[in-house]
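Reviewing the structure listed below.
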Amino acid sequence: MSEKTVVHTSGEAQAFWMLGGLYEMLLSSDETNGATTVMQMTIPGGDGPAPAHASGIRDGLCHQRHCPLQHRGEIFEAAPGSLFHIPAGTVENFEPTSTVRVLITYTPGGIDEFFAEAGERAKRYEVPPGA
């Protein structure tokens with residue numbers, strides 16, 4: 001972790017539009033010496049990271065609504081307040097049935113660099129127009 005305290009207030013995060021959703025970088029890998037990236041994703045129903053893919057270690061907390069999570073061929077219904085831990089290399093995907101907000105911690109960090117490069121800088125803290 002970083003040797004310094006990091007404090008962000010609401011609305012300060014870098015935000016990107018990608019895959020029909022809003023991806024807010026609440027804590028970047030630069031701020032944690034590469035240890036962690038924390039993101040809040042707001043994803044409309046029917047959108048999300050598809051197809052199934054393997055990724056790094058992730059922990060997520062579903063804020064609102066239900067979000068089916070497919071993990072190793074099994075489907076879990078993530079209700080508001082649900083916590084999930086996905087080990088590195090696990091094949092998974094999720095496709096919310098309605099708009100969801102999910103807080104995700106990635107360890108190690110660095111995925112924020114991918115979203116910054118692949119996404120479009122959000123003009124507002126909301127899902128992109130037409131999503």
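What the table below lists for this structure:
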read-out	value
Burial ordering of 12, 95, fewest other beta-carbon atoms within 10 Å first	12, 95
Proxy reagent accessibility, fewest Cβ within 10 Å first, across 8, 85	85, 8
Per-residue Cβ neighbour rank within 10 angstrom, fewest leading, 42, 5, 97	5, 97, 42
From phi via Karplus (6.51, -1.76, 1.60), per-residue ³J(HN,Hα) for segment 96-108 in Hz, x at Gly/Pro	x, 8, 8, 4, 10, 10, 10, 9, 10, 10, 9, 10, x
Residues with amide H under 5 Å from that of residue 109, placed H, sequence gap 5 or more	35, 36, 37
Cβ-defined net charge surrounding residue 28, 9 Å radius [Lys, Arg +1; Asp, Glu -1]	-4
Packing-based order for 104-117, 21-34, using average beta carbon neighbours within 10 Å, highest first	21-34, 104-117
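Coordinate-derived values only; no laboratory data. A quick note: this is a predicted structure, and the numbers were derived from the prediction, not measured. Cβ coordinates were reconstructed from backbone atoms using ideal geometry, including for glycine residues, and neighbour counts include every protein chain displayed.
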